[in-house]
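Taking it in order: structure first as structure tokens, then the write-up.
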Amino acid sequence: MIATDAPPASGIRLGGVAQTTVTVREEAASARHERDARMVMADFDQAPFTIAWEVTRACAYACQHCRADAQPRRNPRELDTGEAMHLIDQLAGFGNRPILVLTGGDPLMRRDLFELARYADELGLRVSLTPTATALATEKRMRQARAAGIRRVAFSVDAAEPLTHDSFRGFRGSFERTRSAIAAAGEAGLSIQINTTVCATNVGELPAMVEQLEQWGVVQWSVFFLVPVGRGAGLPLLSPAEHEEVLGWLSDLTERVPFDIKATAAPQYRRILHQRTGRTTGAGFRYSDGLNRPVRGVNDGRGFMFISHLGEVMPSGFLTLPAGNVRNLNPVEIYRHSPVFTSLRDPGALKGKCGRCEFREVCGGSRARAYALSGDPLASDPTCPYEPAPALA
Ligand code: SF4
């Protein structure tokens with residue numbers, strides 16, 4: 001478990017970190033009022049804040065926790081370039097300039113990737129990329145990504161210790177490759193996000209990662225709490241008490257690091273932040289790359305939508321309930337009206353402990369983990385130890 005606090009940085013670095021943190025937060029605060037007004041108006045019943053599109057499932061790696069169970073070769077039934085362009089047209093129809101995450105597999109395995117990114121950028125979508133750190137992630141390609149309008153790249157790092165990371169990734173040398181790719185992306189002018197999947201195997205690595213993240217100049221650390229789907233079904237979950245401990249540690253950490261921290265598939269982080277500070281995590285956080293944080297909490301199907309390599313629309317990449325296919329239905333209609341999505345956006349439909357929890361609007365529990373562990377996407381999130389307050393008579 002998290003045995004110690006983050007390792008202390010040098011006095012010089014601590015000074016620099018504190019100053020950067022203040023500057024970033026002051027900048028965020030100065031625009032908060034106007035932004036909050038805009039985001040309160042944002043209606044997750046009408047449009048997602050973020051769309052993740054699995055442009056391919058092909059990937060050279062075979063990571064232990066891959067939700068996609070990625071394969072070495074591209075599936076010939078993937079959306080082709082014409083279908084992909086049409087999809088981008090339709091996504092622009094949401095009208096709210098959602099964030100479009102081009103993900104995989106390894107999106108760099110698609111030859112038309114930058115053509116698609118450029119088109120999405122031209123239509124006003126805010127595009128980011130989650131490449132795999134293979135030999136394809138060169139500085140040249142990172143510069144092409146930037147030129148195509150991609151604003152941010154997210155790389156996966158699952159440990160501070162290279163051997164631990166490499167064993168997660170199933171590829172010796174992966175950690176060094178990732179470090180090179182991060183440097184290449186930085187040289188190309190892309191902002192950097194790091195995604196870390198946490199389970200019982202690597203949770204002890206988290207404190208040692210903090211200093212690395214500072215050195216890499218990341219803008220966001222997105223900590224994914226394992227959802228046991230795909231190859232990740234074979235990994236050990238944290239216990240409910242461990243989830244609470246790690247989320248509490250992250251909430252303390254967020255006060256003293258120069259990057260934003262986002263908990264993915266752990267909306268109870270918002271409950272913990274709310275209990276501790278009266279605010280919710282990252283609400284309205286603004287970045288210079290424009291990939292801001294929403295004021296309201298995003299959850300599977302609620303402010304978030306996933307499109308598979310075959311065009312299936314799902315509430316998230318971890319909640320693999322197809323609600324329709326973009327080959328024959330408009331994704332805007334699927335998001336707004338399919339029963340899968342509308343039920344997930346209704347806190348009154350939640351069952352068990354989450355259904356009677358006073359934090360169900362703020363949190364609502366991980367719908368993906370509830371589904372993975374119980375088969376019911378509206379069941380309680382079994383990894384939350386919180387006991388809701390008794391209802392008033
Ligand atoms: S019981 Fe459910 S809604 Fe309440 S804090 Fe836990 S996960 Fe969130």
- Task: Evaluate the stretch 64-86: report whether one residue or more is within 24 Å of ALA181 (Cα to Cα), within 21 Å of the chain's Cα centre (by Cα), of a type in the set (Asp, Glu) and at pLDDT 95 or above.
- Result: no
- Can you tell which of VAL332, VAL298 is in contact (Cβ under 8 Å) with a residue 60 or more places away in the chain and within 16 Å of the ligand (Cβ to nearest atom)? VAL298
- In this structure, does PRO385 turn out to be away from the ligand (no atom under 13 Å from the Cβ) and out of contact with any Phe, Trp or Tyr (no Cβ under 7 Å at 6 or more places or on another chain)? no
- Inside the stretch 193-202, can you point out the residues that are buried (at least 22 other Cβ atoms within 10 Å of the Cβ) and either aliphatic (A, V, I, L, M) or without any contact (Cβ under 8 Å) to a residue 40 or more places away in the chain (or both)? ILE194, VAL198
- Note on the structure: Of the candidates ALA184, ALA135, the one satisfying the condition of being surrounded by fewer than 21 Cβ atoms within 10 Å (Cβ to Cβ) and touching a Ser or Thr at 6+ places or on another chain (Cβ under 8 Å) is ALA184
- Hey, among PRO390, PRO382, which residue is in a loop (DSSP other than H, G, I, E, B), in contact with a Pro (Cβ under 8 Å, 6 or more places away or on another chain) and not aromatic (Phe, Trp, Tyr)? PRO382
- Look at GLU214 and say whether it is acidic (Asp, Glu), more than 16 Å from the ligand (Cβ to nearest atom), out of contact with any strand residue (DSSP E or B) (no Cβ under 8 Å at 6 or more places or on another chain) and not in a strand (DSSP E or B). yes
- Would you check which residues across the stretch 343-377 are of a type outside the set (Lys, Arg), assigned to a helix (DSSP H, G or I) and touching a residue at least 24 places away in the same chain (Cβ under 8 Å) and list them? SER343, LEU344, ALA349, GLY352, CYS354, GLY355, ALA368, TYR371, ALA372, LEU373
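Step by step: first the residues of the stretch 267-286, then only those that are modelled with pLDDT under 65 and of a type in the set (Ser, Thr, Tyr), then the one that is nearest to the chain's Cα centre (by Cα). Which residue is that?
Ranking the candidates gives THR281 first.
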- Test set (1) within 16 Å of the ligand (Cβ to nearest atom); (2) under 14 Å from PHE44 (Cα atoms); (3) surrounded by 24 or more Cβ atoms within 10 Å (Cβ to Cβ) - PHE341 fails condition number: (1)
- Message: If I filter the stretch 372-382 down to residues being more than 11 Å from the ligand (Cβ to nearest atom) and closer than 20 Å to ALA241 by Cα, which single residue comes out as surrounded by the fewest Cβ atoms within 10 Å (Cβ to Cβ)?
- Response: SER374
- Query: Do you know which of the residues in the stretch 351-368 that are farther than 20 Å from HIS274 by Cβ and not hydrophobic (A, V, I, L, M, F, W, C) is farthest from the ligand (Cβ to nearest atom)?
  - Reply: LYS351
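The values are calculated or read from the model by the stated rules, or taken from the named source; none is laboratory data. Quick caveat, the model's predicted, so the values are computed rather than measured. All Cβ positions, glycine included, derive from the backbone under ideal geometry; neighbour counts span all protein chains shown.
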